[in-house]
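The values are calculated or read from the model by the stated rules, or taken from the named source; none is laboratory data. Given the structure is predicted, the values throughout are model-derived calculations rather than measurements. Neighbour counts are summed over all protein chains in view; Cβ atoms, including those assigned to glycine, are modelled from backbone coordinates with ideal geometry.
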């Protein structure tokens, strides 16, 4: 039998333990209440609506690195993981610096859109403390602006490089012409080469002017119905002499006089460039085919050559400014590398697209597709949208 004094001691110990448990529970509840109050004061009403409304990427991060709220654009850019954490260490570092210094931090970051992907996004990021515990992160997408800046720099660099060659050649030929003034045969030789370089310089300058004009022009602002067969015939006539000189026959097929809405001069320039390009890259004595077709609300103009063709890894680049598939042949023919870029801009200005099919050893086919114009007697005439179709081969 237990001593009588043990019973009161056990009761007292139990009461002490119970009181301790109650105190722990109350303290935890009070702490949770303080945290809730802190959250309520540091995340003001409306922050969710603001992040949902802004066009830039925005998110709020807590001290543990958890993303409490993120705008739709932030998720679209892949800044937030499925577990509601920041995906990129660069962003985590910026948040840490903002919290440590208590001041806004800014940085220009280039981040991958998806783990393991080569696609990147350029962001201007600003992280600023929000209350005492949280950090607000705002990110502006600068990808497109940076791409345009790169294109502008490349364009200027390419122009400088392309102009340097003929200008330097003109200077050297002028010196050679002066040194050979006593030899009529050499004078004629150097004069001929000087004329050729001057023509090349003139074509390059004209193509640059034409490309700049196309980029600043909307062909549909002052448009009118244009007969496609007339455009093709004019472009072919411009190239007939050059083709005959090399024994290349120009074969035109498709007699339907379909119409498109646009600028006839610009359209002739586009087809002219395709035909001239086909002639330049075709062997002597071969054939260049020019076909027209109207079907499904769209008009197609296809130019096919029997040249060497274009490798698969170069097909996506042929419409870039100054890009040449065959550098040596371009130098011999005086090509500027802007012809296909001009074609692309003309076609896009007319609401169409241009594509290329090619096989090494079998030649190439460039196809322009434009919305067909159909006059409607009872309503205002409008172009009929093109129906997407497969490549013409």
**Message:** Looking for something crowded, with 16+ Cβ neighbours inside 10 Å and in contact with a helix residue (DSSP H, G or I) (Cβ under 8 Å, 6 or more places away or on another chain) - is there at least one such residue anywhere in the range 91-107?
**Reply:** yes
**Item:** Residue check for residue 61: out of contact with any helix residue (DSSP H, G or I) (no Cβ under 6 Å at 6 or more places or on another chain) and at negative phi
**Value:** no
**Message:** Residues to consider are 233, 227, 183; find the one that is more than 33 Å from the chain's Cα centre (by Cα), modelled with pLDDT of 80 or more and under 30 Å from residue 372 (Cα atoms).
**Reply:** 233
**Among residues of the range 66-80, those that are under 16 Å from residue 92 (Cβ atoms) and in contact with a helix residue (DSSP H, G or I) (Cβ under 9 Å, 6 or more places away or on another chain), counted** = 6
**Message:** Just to be sure before I move on: is residue 297 modelled with pLDDT under 85 and either surrounded by fewer than 18 Cβ atoms within 10 Å (Cβ to Cβ) or farther than 18 Å from residue 342 by Cα (or both) in the structure I sent?
**Reply:** yes
**Request:** Answer yes if at least one residue in the range 45-57 is within 24 Å of residue 125 (Cα to Cα), at pLDDT 85 or above and crowded, with 17+ Cβ neighbours inside 10 Å, and no otherwise.
**Result:** yes
**Message:** Tell me whether the range 357-368 contains one or more residues that are assigned by TED's automatic domain parsing to the domain that holds residue 247, surrounded by fewer than 17 Cβ atoms within 10 Å (Cβ to Cβ), modelled with pLDDT under 60 and part of a loop (DSSP other than H, G, I, E, B).
**Reply:** no
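Does the range 16-29 contain any residue that is at pLDDT 85 or above, in a helix (DSSP H, G or I), under 29 Å from residue 132 (Cβ atoms) and out of contact with any helix residue (DSSP H, G or I) (no Cβ under 8 Å at 6 or more places or on another chain)?
No, the range 16-29 contains no residue that is at pLDDT 85 or above, in a helix (DSSP H, G or I), under 29 Å from residue 132 (Cβ atoms) and out of contact with any helix residue (DSSP H, G or I) (no Cβ under 8 Å at 6 or more places or on another chain).
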**Message:** Condition check: at pLDDT below 90, over 17 Å from residue 361 (Cα atoms) and either buried (at least 19 other Cβ atoms within 10 Å of the Cβ) or touching a helix residue (DSSP H, G or I) at 6+ places or on another chain (Cβ under 9 Å) (or both). Does residue 264 satisfy that?
**Reply:** yes
